[in-house]
Amino acid sequence: MGNSDRLHVWQPGPSDAAAANVIAAAIWGGRRAWHSKTLIAYLWAFYVVIVKGAGNALQEALWGRPSQPIQGGEFSVWFSSAQSLDIAYLGMVLNTITRPLWIADGYFFLFFGVVAGGAIAYLHAPRPAPALAQLGGNCGAYLGRFIRLALVAVALLWLIPALGSVSIRRFVPVSSGGLYELIVQYLIVVCAVVIDYARIRTVLRDSRSMLMETLRSLKFVVRNLAWILQLEVLFFSCAALLSVAMLVASSVLHSQAPLGYIGFATEQVYVIALIWLRLTAWGAMIALYQGATLKRMAKAGA
């Protein structure tokens, strides 16, 4: 009963999480993710069962095929219930690198909505209980808040092009090629970073109001922009290198076995690596937030 009660009680987290720099934060996050192998296994199983299994079946039942392109305004969005090497490999790579604000597909909904709260809480302060019980309990505890946060993200995704067509177009002429799209994409990535730190702060602070937490996270991102940019560049580079390595490995192994088996095996390795990288990023954000907060408190008390 004691272990069961602690599943739903906020935990302060470890004292060694506060990082003094980006490299220390990344190392702490990587070590935390490496020691969370059971969590990675569950997240991978959820991906296979929910996204690849039920997601593909639902998508095929609704539209008659696993994926289809949807045109929306000036951008073409590739709607896919399972972003993977054999179905929408490019989409998965781009989504991992560009940090999407919102995409209506199973991969995004699973990892950035349903299980994000449980995964971040597990990284922040593992409970004395089985990993599946921790993940399930924490996912339930943060699910309502993260759904409200997703609504904030959807509103921002709608607001950026709406305001951009009015304000950015005044300074960027139509003949400038893809400059307008680049600026809008940059703003979307910035908002995605803010939303991601809102996820982190929601778990670490046990926040309730997602709108206020988004505003506070924006203030945090602006205040610590130098650290955050370094961390983003670091994980952008890791994601890009991982994608290149998987492409090279897939092409090298293609001559050794049938394409179907190689594609499936490479896909699973890639998905597991991306899950580890995402957990490492969340762990690094936890350490970075803890370190920045202690640094600000020390300055305030001096």
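The values are calculated or read from the model by the stated rules, or taken from the named source; none is laboratory data. Fair warning: this is a prediction, and the values are worked out from it, not measured in the lab. All Cβ positions, glycine included, derive from the backbone under ideal geometry; neighbour counts span all protein chains shown.
Annotations for the structure displayed:
- Condition check for Leu182: surrounded by fewer than 14 Cβ atoms within 10 Å (Cβ to Cβ), more than 18 Å from the chain's Cα centre (by Cα) and not small (Gly, Ala, Ser): yes
- The set of residues in region 107-127 that are more than 12 Å from the chain's Cα centre (by Cα) and either assigned to a loop (DSSP other than H, G, I, E, B) or without any contact (Cβ under 8 Å) to a residue 40 or more places away in the chain (or both) comprises Gly118, Ala125, Pro126, Arg127.
- Some residue of region 154-165 being surrounded by fewer than 19 Cβ atoms within 10 Å (Cβ to Cβ), modelled with pLDDT under 85, within 18 Å of the chain's Cα centre (by Cα) and among the hydroxyl-bearing types (Ser, Thr, Tyr): no
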